[in-house]
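Let me begin by presenting the structure, written as structure tokens, before commenting on it.
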Amino acid sequence: MRRTSEDTKAAILAAARERFASDGYQRATIRAIAADADIDPSMVMRYYGNKDGLFAAAADVDLRFPDLAALPRHTVGEALITHFLDRWEEDEGMMILLRTGVTDEAVAERMRGIFAAQLGSLAARLVADPAEAPLRAGLAATQVLGMALCRYVLRLPPVAGMSRQEIVDWLGPTLQRYLTG
């Protein structure tokens, strides 16, 4: 059966996400990704131009925040950490950014941009003083990214062994303070 161009692009992206997540940006190759997608490497270049273009498409992440401003104010921290746990556990794009962002400056810059724009915008809607939003969003990011790195990448035993509820119970109040305190 012949693939449509949309099917081919989807197969390339799926293979790229898996390869970038497992091998990182530097070690992943166009040839390996093409082999995983069962296509010729020239097709990857046709649709995405180069490895950077493919990575940008594979790691295009929308943090998809729930409307936290609509929640009771005292539940914002708990809702945010629960949301991030769901995202880290279900979204390969998030894992790609996390794993490769610590070793590749271009990826780190992309991650900084995503968190500054999206978490910064969320914080601006929650904090009393909008001038504090970037700082508060940055502090919230330290908790979320640090937890994700320790739990999902480094698999630090105390953190990796915690239940989701334990993480929510520990980090929820800190995020609450950063965003509403």
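The table that follows gives values for the structure above.
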read-out: Within segment 29-84, considering residues that are closer than 23 Å to residue 112 by Cβ and charged (D, E, K, R), the one least open to solvent (accessible area, probe 1.4 Å); value: 51
read-out: Residue satisfying condition, being without any contact (Cβ under 8 Å) to a residue 60 or more places away in the chain, within 21 Å of residue 147 (Cα to Cα) and either aliphatic (A, V, I, L, M) or touching a Leu at 6+ places or on another chain (Cβ under 9 Å) (or both), within set 80, 63, 85; value: 63
read-out: Matching residues, segment 89-98, being crowded, with 18+ Cβ neighbours inside 10 Å and within 14 Å of residue 151 (Cα to Cα); value: 94, 95, 98
read-out: Top-ranked residue of segment 151-171 - restricted to ones that are within 24 Å of residue 123 (Cα to Cα) and within 19 Å of the chain's Cα centre (by Cα), ranked as most open to solvent (accessible area, probe 1.4 Å); value: 164
read-out: Qualifying position, being in a helix (DSSP H, G or I), over 30 Å from residue 181 (Cβ atoms) and among the hydroxyl-bearing types (Ser, Thr, Tyr), among 82, 100; value: 100
read-out: Tabulated pairs, segment 136-155, first closer than 11 Å to residue 171 by Cβ, second polar (S, T, N, Q) and part of a helix (DSSP H, G or I), C-beta under 7 angstrom, 6+ apart or interchain; value: 143/174
read-out: Hits in segment 1-28 (condition: surrounded by 18 or more Cβ atoms within 10 Å (Cβ to Cβ) and of a type in the set (Ser, Thr, Tyr)); value: 8, 25
read-out: Among (1) modelled with pLDDT under 95; (2) of a type outside the set (Lys, Arg); (3) open to solvent by 50 Å² or more (accessible area, probe 1.4 Å); (4) within 27 Å of residue 26 (Cα to Cα), the one test that residue 128 misses; value: (4)
read-out: Test: residue in segment 127-137 that is closer than 21 Å to residue 75 by Cα, assigned to a helix (DSSP H, G or I) and under 17 Å from the mean Cα position of the chain (by Cα); value: yes
read-out: Residue among 19, 112 that is out of contact with any strand residue (DSSP E or B) (no Cβ under 8 Å at 6 or more places or on another chain), among the basic types (Lys, Arg) and over 16 Å from residue 141 (Cβ atoms); value: 19
read-out: Complete set of residues in segment 164-181 that are in contact (Cβ under 8 Å) with a residue 40 or more places away in the chain, more than 13 Å from residue 135 (Cα to Cα) and either touching a Cys at 6+ places or on another chain (Cβ under 8 Å) or of a type in the set (S, T, N, Q) (or both); value: 174, 176
read-out: Residue list for segment 99-112, restricted to those being of a type in the set (Val, Ile, Thr) and open to solvent by 20 Å² or more (accessible area, probe 1.4 Å); value: 102, 103
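The values are calculated or read from the model by the stated rules, or taken from the named source; none is laboratory data. These numbers were taken from a predicted model, which means no experiment stands behind them. Cβ: placed from backbone, ideal geometry, glycine included. Neighbour counts: every protein chain shown. Accessible surface areas use protein heavy atoms only, side chains included; no ligands, DNA or RNA. Shrake-Rupley method; radii C 1.70, N 1.55, O 1.52, S 1.80 Å.
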